[in-house]
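Report on the structure given below.
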Amino acid sequence: MMSRISQRFSELRAQNRAAFAPFITAGDPDFDTALALLTELPKAGADLIELGIPFSDPMADGPVNQASYLRALKSGMTLPKVLEMVRRFRKTDAKTPVVLMGAYNPIHAYGTARLCKDAAEAGIDGFLIVDLPPEEDEVLRVPANAHGLDVVRFVTPTSDDARLKTVLDGASGYLYYISMAGITGSKAVDSDDVEAAIAHLRAETDLPCTVGFGIRTQEQAARIARFADGAVVGTAIVSKIFENLNAGAKRDALVSDVTAFCKALADSVHAARS
């Protein structure tokens, strides 16, 4: 049976559209608010959701996303609660893929075999683990694949052809192309360089190729969506959450403002090739 991830990218390909993939941190700023956001994202146009696993020492994340992890941890968020959040999400949405993104430490502590079983039962579709390289991800990939879950691989601007062969060996779901060297949200995307990189990737694999790190605006998202299979937006959305918190916004107002921002991004991505 086709996975939710494969089904979604197949549908988008038939429509000649790219995916809009927002990132939020599970539990930021608290469980109920994050669940409300998660539930509203598909209605705002999210085709795939990357859900951050809160961790005190994240890899590759800039200060904005790091702060969101700390807010979530302070509110009492744990990996079991992340799974519970997705279980509740699945009561209203059976189709939108959800991929857990984060560091390996919480997964190792939970136990990979146990997590893959529990994640599949909760309705999660895969993992994006920033500090688990292809040479070492068998510990997660084997139990994940046994439960129909994908372990999505990263490709970077420094991935030469030899490295790319290693990345593609065992890759599934889709590829996440990191648009620039550095941490999340640190600088803007150079779309010409990224377009050339995606073209090179497509010559080597049939997996969908998404782009993330550095996409902040509707215009940037649309440029990426013209040639990539998906545009991932994280830091800009997390920043919008913080802006609302800093302004003292109530939960409903925060959720409304953030989802309106996501809808504008989604609309730009979906119209990019029209």
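The values are calculated or read from the model by the stated rules, or taken from the named source; none is laboratory data. Note that this is a predicted model, so its numbers are computed, not measured. Because the Cβ atoms are built from the backbone with ideal geometry, glycine has one as well, and the counts that use them run over all protein chains shown.
Being assigned to a helix (DSSP H, G or I) and in contact with a Leu (Cβ under 6 Å, 6 or more places away or on another chain), is that true of even one residue in the range 154-161?
The answer is no; no qualifying residue exists.
Starting from residues that are closer than 30 Å to E195 by Cα and of a type in the set (G, A, S), keep the ones in the range 110-160 and report whichever is surrounded by the most Cβ atoms within 10 Å (Cβ to Cβ).
So the residue we want is G126.
Test each condition in (1) surrounded by 14 or more Cβ atoms within 10 Å (Cβ to Cβ); (2) more than 21 Å from G212 (Cβ to Cβ); (3) of a type in the set (S, T, Y) for S56 and report the one that comes out false.
Exception for S56: condition (1).
When D169 is evaluated against the numbered criteria (1) modelled with pLDDT of 95 or more; (2) closer than 22 Å to F55 by Cβ; (3) of a type outside the set (G, A, S), which criterion, by number, is the only one it fails?
(2)
Does A146 qualify as being within 24 Å of Q15 (Cβ to Cβ) and more than 19 Å from the chain's Cα centre (by Cα)?
no
Among residues belonging to the range 1-46 that are assigned to a helix (DSSP H, G or I) and among the aliphatic types (A, V, I, L, M), point out the one that is farthest from S256 (Cα to Cα).
Step by step, filter the range 1-46, then rank; the result is A14.
Assuming S6 fulfils every condition listed in (1) among the hydroxyl-bearing types (S, T, Y); (2) touching a Leu at 6+ places or on another chain (Cβ under 7 Å); (3) over 30 Å from R251 (Cβ atoms) apart from one, which condition is it?
Only one criterion in (1) among the hydroxyl-bearing types (S, T, Y); (2) touching a Leu at 6+ places or on another chain (Cβ under 7 Å); (3) over 30 Å from R251 (Cβ atoms) is unmet by S6, namely (2).
So which residues in the range 1-32 are buried (at least 22 other Cβ atoms within 10 Å of the Cβ) and of a type in the set (S, T, N, Q)?
T25
Could you grab me the full set of residues in the range 2-36 that are over 20 Å from L83 (Cβ atoms) and touching a residue at least 40 places away in the same chain (Cβ under 8 Å)?
S6, Q7, R8, F9, L12, R13, N16, R17, A18, A19, F20, A21
Looking at R87 and the list (1) buried (at least 24 other Cβ atoms within 10 Å of the Cβ); (2) not in a loop (DSSP other than H, G, I, E, B), which single condition is not satisfied?
Tallying (1) buried (at least 24 other Cβ atoms within 10 Å of the Cβ); (2) not in a loop (DSSP other than H, G, I, E, B), R87 fails exactly one: (1).
Regarding the range 177-187, can at least one residue be identified that is modelled with pLDDT of 95 or more and touching a helix residue (DSSP H, G or I) at 6+ places or on another chain (Cβ under 8 Å)?
There is at least one residue in the range 177-187 that is modelled with pLDDT of 95 or more and touching a helix residue (DSSP H, G or I) at 6+ places or on another chain (Cβ under 8 Å).
Out of curiosity, is V99 among the β-branched types (V, I, T), closer than 22 Å to P133 by Cα and either touching a helix residue (DSSP H, G or I) at 6+ places or on another chain (Cβ under 8 Å) or assigned to a loop (DSSP other than H, G, I, E, B) (or both)?
Criteria met by V99.
Spot the failing condition for Q66; the list is (1) over 22 Å from A119 (Cβ atoms); (2) not in a helix (DSSP H, G or I), and only one is missed.
That leaves (2) as the condition not met.
Residues that are surrounded by fewer than 16 Cβ atoms within 10 Å (Cβ to Cβ), part of a helix (DSSP H, G or I) and either touching a strand residue (DSSP E or B) at 6+ places or on another chain (Cβ under 8 Å) or in contact (Cβ under 8 Å) with a residue 24 or more places away in the chain (or both): does the range 220-240 have at least one?
no
How many residues does the range 98-127 hold that are at positive phi and polar (S, T, N, Q)?
0
Checking the conditions here, which among E243, E195 is surrounded by fewer than 21 Cβ atoms within 10 Å (Cβ to Cβ) and under 27 Å from Y69 (Cβ atoms)?
Just one listed residue meets the conditions, E243.
Residue by residue through the range 116-143, note down the ones that are closer than 15 Å to V86 by Cβ and either assigned to a loop (DSSP other than H, G, I, E, B) or in contact with a helix residue (DSSP H, G or I) (Cβ under 6 Å, 6 or more places away or on another chain) (or both).
Listed by number, the residues that qualify are C116, D118, A122, G123, I124, D125.
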